[in-house]
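To start, the structure itself, in structure tokens.
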Amino acid sequence: MTALDPSRFLVLSFDCYGTLIDWERGIADALRDAGLLPGDAAPVDAEAALADFAVLEADAERVLSGAPYPRILARVFEGLCARRGRTAPVGAAARFAASVGDWPPFADTVPALAALATRYRLAVLSNVDRASFARTAERLGSPFWRVCTAEEIGSYKPDVRNFLFLLDVVARDGVSPAQVLHVAQSLYHDHVPAKALGLATVHVDRRAGRGGGAVVAPASPVVPDLRVTDLARLVHSLGIDTRA
């Protein structure tokens, strides 16, 4: 990994779910509410559910690339039921699909975004619909200068079209690709396509080196410019003083 020059960047673009929002906790809680994951489930059971989610979500986003995210999640829920030999109860898939706005931020997210916003413009590039993100934005304090969703783009990351859309949006304000630093947890969804376009990236490794989780592994190796395990470390790495 190469050293980053913090003064080079004007915009920090973020993946949201998995990076800012603890979607693994949110997914597991929603599956418990639906009765698909027992309330006293062992960690191995939760990990198995997240691994199934990862595969099913990636497949749904590929097959239904133009569909809104709630439809993606409904399909994923039905797939999770099928893998467990269960029939989805009436309305359960829709309730799971509507749970996105209930997924909680990581504890470091809100203060880190506030600190980062003192120096950079903050943008979001998310595989989600506008209505779901609006509920999430309320939890984050709405610090974002620009928000780009899969709904308006018409495709899902890791499609490079999503990153080209983001770059087009920021270019309207005179920001070049070299001035954008993309911050994300998912190597598969974010780092592979971002690096293919020559963007600098920060890997927020929320699982601290543990594999698995709600994201499939990338098909090809990718090397981010910086790796941190949380956003507080990113604030520190970019030289922002939070003592005030």
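The values are calculated or read from the model by the stated rules, or taken from the named source; none is laboratory data. None of the values given here were measured: they were computed from a predicted structure. Virtual Cβ from ideal backbone geometry, glycine too; neighbours counted across all protein chains shown.
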Of all residues in the range 132-154 being within 15 Å of the chain's Cα centre (by Cα) and closer than 17 Å to ALA58 by Cα, which is surrounded by the most Cβ atoms within 10 Å (Cβ to Cβ)? ALA150
Any hit, the range 119-126, residues being under 19 Å from the mean Cα position of the chain (by Cα), surrounded by fewer than 19 Cβ atoms within 10 Å (Cβ to Cβ) and under 24 Å from LEU56 (Cβ atoms): no
From VAL175, VAL170, residue being assigned to a loop (DSSP other than H, G, I, E, B), closer than 18 Å to ARG119 by Cα and in contact (Cβ under 8 Å) with a residue 24 or more places away in the chain: VAL175
Out of the residues in the range 108-118 meeting the condition of being closer than 11 Å to LEU140 by Cα and among the small types (Gly, Ala, Ser), tell me which one is surrounded by the fewest Cβ atoms within 10 Å (Cβ to Cβ). ALA114
Here the qualifying pairs (Cβ atoms under 7 Å; residues six or more apart or on different chains; first in the range 155-166 and at pLDDT 95 or above; second basic (Lys, Arg)) come out as SER155/ARG161
Flag for VAL183 being part of a strand (DSSP E or B), touching a residue at least 60 places away in the same chain (Cβ under 8 Å) and either outside the structural domain of THR109 (by TED's automatic domain parsing) or hydrophobic (A, V, I, L, M, F, W, C) (or both): yes
Might you let me know whether the range 75-91 holds any residue that is surrounded by 14 or more Cβ atoms within 10 Å (Cβ to Cβ) and closer than 23 Å to ARG139 by Cα? no
Could you pull out the residue among ALA60, ALA67 that is assigned to a loop (DSSP other than H, G, I, E, B) and within 30 Å of SER220 (Cβ to Cβ)? ALA67
Do we find that ARG227 is surrounded by fewer than 17 Cβ atoms within 10 Å (Cβ to Cβ), over 21 Å from PHE165 (Cα atoms) and modelled with pLDDT under 95 in this structure? no
When residues of the range 3-13 are limited to those that are touching a Leu at 6+ places or on another chain (Cβ under 7 Å) and in a loop (DSSP other than H, G, I, E, B), the one nearest to LEU116 (Cα to Cα): PHE9
Among the residues of the range 193-224, how many are touching a helix residue (DSSP H, G or I) at 6+ places or on another chain (Cβ under 7 Å), among the small types (Gly, Ala, Ser), under 19 Å from LEU166 (Cβ atoms) and touching a residue at least 24 places away in the same chain (Cβ under 8 Å)? 2
Output for the range 14-57, where each listed residue is modelled with pLDDT of 95 or more and not in a helix (DSSP H, G or I): PHE14, ASP15, CYS16, TYR17, GLY18, THR19, LEU20, ILE21, ASP22
